[in-house]
Every structure is written in C-alpha cells, then in structure tokens.
Amino acid sequence: TGQLKTFSRKSTGVLEPVDLKVALDNTLQLLSPQLQQEECTLERNEPDTPLVIQADLVRIEQICVNIIRNALDAMADSSLKRIRIDLTRTKTDVIMQITDTGPGMNEETLSLLFDPFFTTKDPGQGVGLGLSVTYGIVRDFGGSIKAYNTETAGACFEVRLPLLKGKTP
C-alpha cells in the first residue's frame, strides 16, 4: 500500500530540486509487476552522482510511466522484450533515453507521435493523450523530447531536461 500511496498523491505544482534517478526508482517500483508479467528485461545505465533537475516529482514520474508503458505496449508481439534506460548528463542537461526492442515506428507515426489523440492502439486500448501530456510536461520544465528508431531494432525516446547546478534534493 505504500507504493500505491506514493503514486496516488497529487502533484503540488511546485518546482523543486528532483533527482531524476529517484523519480525513475519510484516509477520502476510501480511498474515492476507489469515488467515481470510481460517478461521484459530491464537494463539501466546511469552515473553514480545525482542528476538533479528543477521539476515536480509526480510529473517527472508521469513522464517515465508514459514512456515505459508505451514501450511495453510496442513490444507486445516481440520475442525479445528489453527496455534499456540510459541516464547521462552534459554540462547543461540531464538526458534520459528509453529504448525498446519493439518493431519501431514508421515516418507518419514519428511525425504525429506527440499530437493529442493520435494513437496506434486499437479502439478502446488508448486515447492518444499519454505522449501529448508527456510532451507538455517536458516543455513546462524547459526541456525537449524526441523519438526515433534505433539502428538495430526498436524505438528510443530521448528526454532532455536542464541540469540544476549546485543543488541537491
């Protein structure tokens, strides 16, 4: 019930220092049963140091949930289900890349991905708002998001958010 309480809380709307690694920990704790049920392997690569951004923890978790859930959906028919999450930083940004082993996306899908109500799912399976909301949250925090197909297989969502220097959560 502790996990459910954590994720049922409402966003405060207040921006504060947030370690992206903590937000990702919370997200993966919530999605762990679904990852296991889908027999999806998770790889996570990140630095030992905190990756602090100015954000709202609940909304950052929402970004992570939306992208990871979409990756799971994309791999529904894949024989190999693997999600790789890479967290890195530059002098100015924190970069989160979430890559799946699904079939990837065609050019039309890539161009419409963040539009409200666009979905590739069957009727009743999704309304097409998750990535549109994700896009809005990322922009609210001064960041950017893009999606592209990888050279091997699958898709990658890359989120860039401004690094908050000199602060810890």
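The values are calculated or read from the model by the stated rules, or taken from the named source; none is laboratory data. No experiment lies behind these values; they were computed from the predicted model shown. As a convention, Cβ positions derive from the backbone with ideal geometry for all residues, glycine included, and neighbour counts pool all protein chains shown. What goes into the accessible areas is simple: the full protein's heavy atoms, side chains included, and nothing from ligands, DNA or RNA. Shrake-Rupley method; radii C 1.70, N 1.55, O 1.52, S 1.80 Å.
Legend: P(r) of the range 17-80 from all alpha carbon pair distances, 5 Å bins from 0, whole percents, reading 4, 16, 26, 23, 16, 10, 5, 1. Applying 1/(1 + (r/R0)^6) with R0 = 30 Å to the Cβ-Cβ distance of SER79 and LYS146 gives a FRET efficiency near 0.65. If R0 equals 22 Å, the separation of the Cβ atoms of GLN54 and THR88 corresponds to a calculated FRET efficiency of about 0.75. Taking amide H as placed 1.01 Å from N in the peptide plane, ALA155 has its amide H under 5 Å from the amide H of ASP100, GLY102, GLY104, THR150, each at least 5 places away in sequence or on another chain. Using a probe of 1.4 angstrom and keeping all protein chains present, the accessible surface of the range 19-169 works out to 52 square angstrom per residue.
Neighbours of LEU113, meaning other residues whose beta-carbon lies under 12 angstrom from its beta-carbon, give a summed charge of -2 when Lys and Arg score +1 and Asp and Glu score -1.
At the residue level, SER79 shows approximately 130 square angstrom of accessible surface with a 1.4 angstrom probe and all protein chains present.
Could you tell me the calculated FRET efficiency between THR109 and ASN45, based on Cβ-Cβ distance and R0 = 35 angstrom, to the nearest 0.05? Let's see the in-between values first.
Details: r = 27 Å, r/R0 = 0.76.
With R0 = 35 Å, the Cβ-Cβ based efficiency is 0.85.
Using the Cβ of ARG44 as centre and a radius below 10 Å, the other residues enclosed give a net charge of -2, where K and R count +1 and D and E count -1. In this structure, the amide hydrogen of ALA55, modeled 1.01 Å from its nitrogen in the peptide plane, lies closer than 5 angstrom to those of GLU16, VAL18, counting only residues at least 5 positions away or on a different chain.
Which net charge results for the neighbourhood of LEU15, defined as the other residues with beta-carbon distances under 10 angstrom from its beta-carbon, given Lys and Arg at +1 and Asp and Glu at -1? Each step should come with its number before you reach the end.
Values: positive: ARG59; negative: GLU16, ASP56, ASP140.
Neighbour charge sum, excluding LEU15 itself: -2.
Applying D = kT/(6 pi eta Rh) to the range 10-125, where Rh is the Kirkwood radius over alpha-carbon pairs, T corresponds to 37 °C and eta to 0.692 mPa s, the Stokes-Einstein value obtained is 210 µm²/s.
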